[in-house]
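Working notes for the structure below.
The values are calculated or read from the model by the stated rules, or taken from the named source; none is laboratory data. Small disclaimer: the values here were computed from a predicted structure and weren't measured. Glycine also receives a Cβ, built like all others from the backbone with ideal geometry; neighbour counts cover every protein chain displayed. These area figures cover heavy atoms from the full protein model, side chains too; ligands, DNA and RNA do not enter into them. Shrake-Rupley method; radii C 1.70, N 1.55, O 1.52, S 1.80 Å.
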Amino acid sequence: QVQLVESGGGLVQAGGSLRLSCAASGSIFRINDMRWYRQAPGKQRELVAEVTSGGTTNYIDSVKGRFTISRDNAKNTVTLQMNSLKPEDTAVYYCNIVWRPSGSIVTYEYWGQGTQVTVSS
């Protein structure tokens, strides 16, 4: 089975930094897209950042210049470096990967368990 294990969440003061990591394990390779979502209390889950298999990155405007997403294909991991954190960044962060095996018609999607990020004033 394929599992995504997240780590790196915690409590930090405004202006601080955290680094989230997500490792995919199981019979999976050649991951297509890797993403980080977040969901704050009472709000919809939103896409924060993504990196494609070609290395293209995209971010929501509110985190541009502060967050950096990166991937290590050899280790099947994706990392979100978060700097200059603000209270508005407080949310549960979820790792997401999209995988289409070679020759497969079906595309698979997996989610991490979520990790809490709390930024205090």
Got a number for the accessible area of LYS86? Probe 1.4 Å, square angstrom, nearest 10.
80 Å²
Rh by Kirkwood over Cα pairs, then Stokes-Einstein D for the chain at 1.306 mPa s and 10 °C, µm²/s
109 µm²/s
Per GNM of the chain with C-alpha springs under 10 angstrom, the most fluctuating residue out of SER53, SER62, SER27 is SER27
Gain in length, SER62 to GLU88, computed as 0.36 nm per residue apart minus the alpha-carbon separation, to one decimal in nm?
8.4 nm
Simple spin-label estimate for GLN44/TYR108, 7 Å along Cα→Cβ, in nm, reads 2.9 nm
Full extension from VAL5 to SER70: what is 0.36 nm times the residue separation minus their Cα-Cα distance, to one decimal in nm?
21.8 nm
Dipole magnitude of the chain about its Cα centre, charges +1 at Lys/Arg Cβ and -1 at Asp/Glu Cβ only, in debye to the nearest 20?
100 debye
Max mean-square fluctuation residue, GNM over the chain, Cα-Cα springs under 10 Å, options ILE31, ILE97, ILE60
ILE60
Extent along principal axes [Cα atoms of the range 18-71; Å; largest to smallest]
35, 24, 20
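Using a 1.4 angstrom probe on heavy atoms only, work out the carbon and sulfur share of the accessible area of the chain in %. Walk me through the intermediate numbers first.
Values: 3100 of 6570 Å².
Whole-percent figure for carbon plus sulfur exposure: 47.
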